[in-house]
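Taking it in order: structure first as structure tokens, then the write-up.
The values are calculated or read from the model by the stated rules, or taken from the named source; none is laboratory data. Since the model is a prediction, treat every value here as computed from it, not as a measurement. Glycine also receives a Cβ, built like all others from the backbone with ideal geometry; neighbour counts cover every protein chain displayed. Keep in mind that these areas ignore ligands, DNA and RNA; they rest on the heavy atoms of the full protein, side chains included. Shrake-Rupley method; radii C 1.70, N 1.55, O 1.52, S 1.80 Å.
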Amino acid sequence: PQTSQSAVELERLKAELRSDLPEVPTITVDELAARLDAGEEPLLLDVRSADEFAVSHLPGARRAETAAEAQVLLEGLPPDREVIVYCSIGWRSGHLAEALRRGGRTNVRNLEGSIFEWANSGHAVVRDGAPVREVHPYDAQWGR
């Protein structure tokens, strides 16, 4: 669970990201969870490193650390295919979403608060297909 200090910091960073990337649409963790529970299947792209992804990720997510890696995964899919990107808190994924939109993808959204908010809200993360309770800490501050 998040400490109140980290929750405040996450909210500050989310607001800063919205300000820095106003053209990048977002989706909340609760909106995404409801859509997944309803059987919808957006393409989930995890923008974190291989080490971070190996600890845990959202069920069904594919990993693409760069825009070039994402383009390979998206090759052959229609430009309006829904893509939800996430990282640890939303910073890296927001920038990847922006790059994908500039590259012609029309239905890309950034998961607000990304995997930290997802896990802290009680939603499932997995490793090798099995539920786990761990998320890569990114750094000492976010590992609290």
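Considering every residue within region 68-84, establish whether at least one is within 23 Å of Ala124 (Cα to Cα) and either hydroxyl-bearing (Ser, Thr, Tyr) or surrounded by 19 or more Cβ atoms within 10 Å (Cβ to Cβ) (or both). Step through it out loud before you land on a result.
If we filter region 68-84 for residues that are within 23 Å of Ala124 (Cα to Cα), which is where we start, we get 82-84.
Among the residues that remain, those that are also either hydroxyl-bearing (Ser, Thr, Tyr) or surrounded by 19 or more Cβ atoms within 10 Å (Cβ to Cβ) (or both) are: 83-84.
For region 68-84, residues within 23 Å of Ala124 (Cα to Cα) and either hydroxyl-bearing (Ser, Thr, Tyr) or surrounded by 19 or more Cβ atoms within 10 Å (Cβ to Cβ) (or both): present.
In this structure, is Ser56 farther than 16 Å from Ser93 by Cα, among the hydroxyl-bearing types (Ser, Thr, Tyr) and free of Cβ contacts under 8 Å to residues at least 24 places away in the same chain?
Values: farther than 16 Å from Ser93 by Cα: yes; among the hydroxyl-bearing types (Ser, Thr, Tyr): yes; free of Cβ contacts under 8 Å to residues at least 24 places away in the same chain: no.
Criteria not met by Ser56.
Can you find a residue that is of a type in the set (Val, Ile, Thr) and under 10 Å from the mean Cα position of the chain (by Cα) anywhere in region 85-97?
Here is the first cut: in region 85-97, the residues of a type in the set (Val, Ile, Thr) are 85, 89.
So of that shortlist, the ones also under 10 Å from the mean Cα position of the chain (by Cα) come out as 85, 89.
Taking every residue of region 85-97 in turn, at least one turns out to be of a type in the set (Val, Ile, Thr) and under 10 Å from the mean Cα position of the chain (by Cα).
Considering only residues of region 27-44 that are among the hydrophobic types (A, V, I, L, M, F, W, C) and more than 14 Å from Ile89 (Cα to Cα), which is surrounded by the fewest Cβ atoms within 10 Å (Cβ to Cβ)? Give the steps one after another, and end with the answer.
Our first condition is that a residue be among the hydrophobic types (A, V, I, L, M, F, W, C); within region 27-44, this holds for 27, 29, 32-34, 36, 38, 43-44.
The next check asks that each one be more than 14 Å from Ile89 (Cα to Cα); those that pass are 32-34, 36, 38, 43-44.
Working: Leu32: 21, Ala33: 17, Ala34: 11, Leu36: 18, Ala38: 7, Leu43: 19, Leu44: 20.
For region 27-44, the residue satisfying everything is Ala38.
Can you name every residue in region 41-52 that is touching a residue at least 24 places away in the same chain (Cβ under 8 Å) and under 17 Å from His123 (Cα atoms)?
Pro42, Leu44, Leu45, Asp46
Since Glu65 meets every condition but one in (1) charged (D, E, K, R); (2) within 13 Å of the chain's Cα centre (by Cα); (3) at pLDDT below 95; (4) open to solvent by 80 Å² or more (accessible area, probe 1.4 Å), which condition does it not meet?
Only one criterion is unmet by Glu65, namely (3).
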